[in-house]
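The values are calculated or read from the model by the stated rules, or taken from the named source; none is laboratory data. Remember, predicted model here, so these are calculated numbers, not experimental data. Cβ coordinates were reconstructed from backbone atoms using ideal geometry, including for glycine residues, and neighbour counts include every protein chain displayed. Ligands, DNA and RNA are stripped out before the accessible areas are found, and what is left, the full protein with its side chains, is counted by its heavy atoms. Shrake-Rupley method; radii C 1.70, N 1.55, O 1.52, S 1.80 Å.
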Amino acid sequence: MKPVYIINGFLESGKTQFICFTLAQNYFQIRGKTLLILCEEGENEYDEVLLRKSRTEVELIEREEDFNPANLTSLEKMHRPERIIIEFNGMWNFKNVKLPWYWKIEQQITTIDGSTFPMYYTNMRSLLAEMIRNSEMIIFNRCDTVRDQLNSYKRNIKAVNPSADVIFEDAKGEIDEIFEEDLPYDLNQPVIALDNEGYGIWYLDSMDHLERYVGKTVQFVAMVLKPENFPKGYFVPGRMAMTCCAEDMAFLGYACQYEGADSLKQKEWVKVTATVAKEYWADYKGEGPMLHAVSVEKTKAPRDAIISFS
């Protein structure tokens, strides 16, 4: 079987840039040839040095009717590649694609320009749907000016392909965004119970999307931290977290107002039920998450006292 990688997307969606980046990566190197079949010519061209270094031969198919098993087989026999990459033309209906019977699609990826997605989604939805229907990964790039729309973009994609991995990128790289539907807890519950995974995600998500939690009630098991010179009636319930290794440990917690804070002991374990507010706090150097305790009950340490983000 001949391994085939298909990169879909409309013109100027970032297909060429993605393929160039991939060809340059060590993990994608092979001993034999790579046949790169272009179905359109965009503004970005392939660097000749990169093509030679990656032993990549390029062929152009300009007409949709020429993209057929007979012509594809002829190109393969001409170059005898170890693998094939196809930069597909987004204006061709992917539903009509026919490959030689012994070609096996190893991976299909669709690239999308986030700034023009609404236009294509509205006017060319059927073509777009065929591209993403069987794609394992959907990459939205150029998302700098549409960050507030990414949630709806993801819902649009998931409606067509629920199993696809959806990645958003801006000029700085991948956007590490947590979407409401991906949260491991239900924001509509009267009390949002946070387990180990839930606490870590809630802590991080509260930094970027505090509006989701203001007025909500959360409940979690935490260690008591009472920093020096902390105001009377306040403490910090939180958890130790390890992001990659034992040396990379941090205490994750937000200030909590509690009348009985003076009776709490440093590093004892408690079960906290609290409402979330947005308030000024000096340590935040501005407004941030503030907890108002409904109840604080002493409890035993959890089996996994340290949260891991690895």
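For Pro227, state whether it is exposed (fewer than 14 other Cβ atoms within 10 Å of the Cβ) and in contact with a strand residue (DSSP E or B) (Cβ under 8 Å, 6 or more places away or on another chain). Here the answer is yes, as Pro227 does meet what is asked. Taking the criterion of being more than 20 Å from Ala159 (Cβ to Cβ) and open to solvent by 20 Å² or more (accessible area, probe 1.4 Å), the residues of region 100-126 that qualify are Trp101, Tyr102, Lys104, Ile105, Glu106, Gln107, Ser115.
If I ask for residues that are part of a loop (DSSP other than H, G, I, E, B) and either closer than 22 Å to Pro237 by Cα or open to solvent by 90 Å² or more (accessible area, probe 1.4 Å) (or both), which ones from region 172-191 would you list? Lys172, Asp176, Leu183, Pro184, Tyr185, Asp186, Leu187, Asn188, Gln189, Pro190, Val191 - these are the residues of region 172-191 that are part of a loop (DSSP other than H, G, I, E, B) and either closer than 22 Å to Pro237 by Cα or open to solvent by 90 Å² or more (accessible area, probe 1.4 Å) (or both). The number of residues in region 128-150 that are in contact (Cβ under 8 Å) with a residue 12 or more places away in the chain and open to solvent by 40 Å² or more (accessible area, probe 1.4 Å) comes to 9.
Would it be correct to say that Val160 is on the phi < 0 side of the Ramachandran plot, of a type in the set (Val, Ile, Thr) and under 16 Å from the mean Cα position of the chain (by Cα)? Outline the logic, then answer.
Numbers: on the phi < 0 side of the Ramachandran plot: yes; of a type in the set (Val, Ile, Thr): yes; under 16 Å from the mean Cα position of the chain (by Cα): no.
Taking the combined requirement at face value, the residue does not satisfy it.
Filtered by the rule that a residue be farther than 15 Å from Val221 by Cα and open to solvent by less than 70 Å² (accessible area, probe 1.4 Å), region 256-283 gives Tyr258, Gly260, Ala261, Val276, Ala277, Glu279, Trp281, Ala282.
Answer yes or no as to whether Lys2 is open to solvent by 20 Å² or more (accessible area, probe 1.4 Å), over 32 Å from the mean Cα position of the chain (by Cα) and basic (Lys, Arg). When the stated conditions are applied, Lys2 does not pass them. Among what's in region 192-224 and is among the aliphatic types (A, V, I, L, M), over 16 Å from His292 (Cβ atoms) and within 25 Å of the chain's Cα centre (by Cα), pick the residue that is surrounded by the fewest Cβ atoms within 10 Å (Cβ to Cβ). Here the answer is Met207.
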